[in-house]
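As structure tokens, the structure follows; a few thoughts come after it.
The values are calculated or read from the model by the stated rules, or taken from the named source; none is laboratory data. Bear in mind the structure is a predicted one, so any value in this text is a computation, not a measurement. Using ideal geometry, Cβ is built from the backbone for each residue, glycine included, and neighbour counts are taken over all protein chains shown. Heavy atoms of the whole protein, side chains included, go into the accessibility calculation; ligands, DNA and RNA do not. Shrake-Rupley method; radii C 1.70, N 1.55, O 1.52, S 1.80 Å.
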Amino acid sequence: MSIEVLLSGATGTIGRALIAFMDGEEHYRLAGTASRDRFFEPDVDADVVIDFSHPSLLEKTLAFAHRRRLPLVIGTTGLSAELAGHIKQAAADIPICQAANFSIGVNLLMRLAGQAAAILGEDFDLEITEVHHRRKIDAPSGTALALGATLAKARGLDIDEASVFDRTRHRIPRSKHEIGYQSIRGGDVVGEHTVHLLGDGERLELTHRASRREVFAQGALLAARKLMQRSAGLVDFADLVLD
């Protein structure tokens, strides 16, 4: 029996990848779509909602899922503190999975990077580089920022104080408590993230490269399937699929 999926953000990059993937999948059926120009039919039947849209549309999708008591998978990034608060409130009544990246490999990278940062300690400096296609607007990527948060937690650092995005204006040596970010944009790169742990005389680099956007679609649908088996609450993608 197929899972009936409502997709918010259907005209976006991941939205289109999800539609294409479900078109050839017997386990999932697209029950309805929402975009900037149109929203779900009010009486549509569905099992789960997936959102890869924009914070303004996510607010409406969240209210819809909450009202209909449907599980909600959220891949939209760049959320305000207010919207993040609304998500936590809704999670008291419905299961919600939220992540910056729905690649299983990236989420494993986050876990491994956190373990490495904690084990190696502050003698190893932390840097993150990310590469994306020329059309990507935000920098650093949401995944890079999530990696930074993971590293900060592993080292017991305040992420806001530790994050360094621009060294061109500060001609001072690097401290042990920094997490640096570099962003590269060009070509048609789907996504590449590397965590650099740099010590004296050696360094460790952990890299994930995505060559097809289908991996994000597959991950989101896997999250949707598993989320349907969960009770109300906010769960991270890694905790949902890696444990």
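Before moving on, here are some points about what is shown:
- Across the chain, the longest run free of exposed loop sites, meaning GluC sites (Glu not before Pro) lying outside DSSP classes H, G, I, E and B with no more than 11 other Cβ atoms within 10 Å, spans 27-201.
- Centroid-to-centroid, using Cα positions, the range 51-67 and the range 128-195 are 28 Å apart.
- DSSP beta bridges fully contained in the range 106-243 are about 60 percent antiparallel.
- For C97, the amide hydrogen comes within under 5 Å of the amide hydrogens of L72, V73, I74, V235, counting only partners 5 or more places away or on other chains and with H modelled in the peptide plane.
- Accessible surface of the chain, 1.4 Å probe: 49 percent of it comes from carbon and sulfur atoms.
- Per residue accessible area in Å² of the chain, where ligands, DNA and RNA are left out and the probe is 1.4 Å: 53 Å²
- For the range 186-234, the spread of Cα positions along the three principal axes, ordered from largest to smallest, is 49, 29, 12 Å.
- DSSP-loop trypsin sites (Lys or Arg not before Pro) across the range 1-87, with at most 16 other Cβ within 10 angstrom: R36, R38, R69
- Across the chain, the volume of the C-alpha convex hull divided among the residues equals 139 Å³ per residue.
- Counting only DSSP beta bridges with both residues in the chain, the antiparallel share comes to about 35 percent.
- Whole-Hz ³J(HN,Hα) from phi, Karplus 6.51 cos²θ - 1.76 cosθ + 1.60, for the range 22-38, glycine and proline x: 5, 4, x, 10, 7, 8, 9, 9, 6, 8, x, 10, 9, 8, 4, 8, 8
- Taking amide H as placed 1.01 Å from N in the peptide plane, I179 has its amide H under 5 Å from the amide H of S163, V164, each at least 5 places away in sequence or on another chain.
- Selection from L204, Q218, L242 lying farthest towards where the dipole of the range 184-243 points positive, charges on Cβ: Q218
- From the C-alpha gyration tensor of the range 126-200, square roots of 5λ in Å: 22, 14, 11
- Of G24, V49, I74, farthest towards positive along the dipole that unit charges on Lys, Arg, Asp, Glu beta carbons give the range 1-86: I74
- Karplus 3J(HN,Hα) series, Hz, for the range 111-116 with 6.51 cos²θ - 1.76 cosθ + 1.60 (x for Gly, Pro): 5, 5, 5, x, 5, 5
- The range 1-119 - charge dipole about Cα centre, Lys and Arg +1 at Cβ, Asp and Glu -1, debye rounded to 20: 360 debye
- Each residue of the range 59-76 is assigned a 3J(HN,Hα), and the resulting list reads 4, 6, 5, 4, 5, 5, 4, 5, 5, 8, 6, 9, x, 10, 9, 10, x, 6 Hz, derived from the Karplus form 6.51 cos²θ - 1.76 cosθ + 1.60 (θ = phi - 60°), x at Gly and Pro.
- Overall Cα dimensions of the range 62-122, principal axis frame, Å, largest first: 46, 23, 20
- In this Cβ point-charge picture (+1 for Lys and Arg, -1 for Asp and Glu), the range 143-199 has a dipole of about 260 debye about its Cα centre.
- Within the range 59-184, all pairs of alpha-carbon atoms sorted by distance into 5 Å bins from zero give the percentages 2, 9, 17, 18, 17, 15, 11, 6, 3, 1, 0.
- Overall, the chain carries a charge dipole of about 380 debye about its Cα centre when +1 sits on the Cβ of Lys and Arg and -1 on the Cβ of Asp and Glu, all other atoms neutral.
- A cut-off of 5 Å between modelled amide H atoms, ignoring neighbours fewer than 5 places along the same chain, links V190 with no other residue.
- 222 nm mean residue ellipticity, helices alone, for the chain (DSSP H n ≥ 4; -39,500 (n - 2.57); rounded to 500): -11000 deg cm²/dmol
- Ordering G114, F39, V164 by Cα displacement along the dipole of the chain toward the positive end leaves F39 in first place; charges were set at the Cβ atoms of Lys, Arg (+1) and Asp, Glu (-1).
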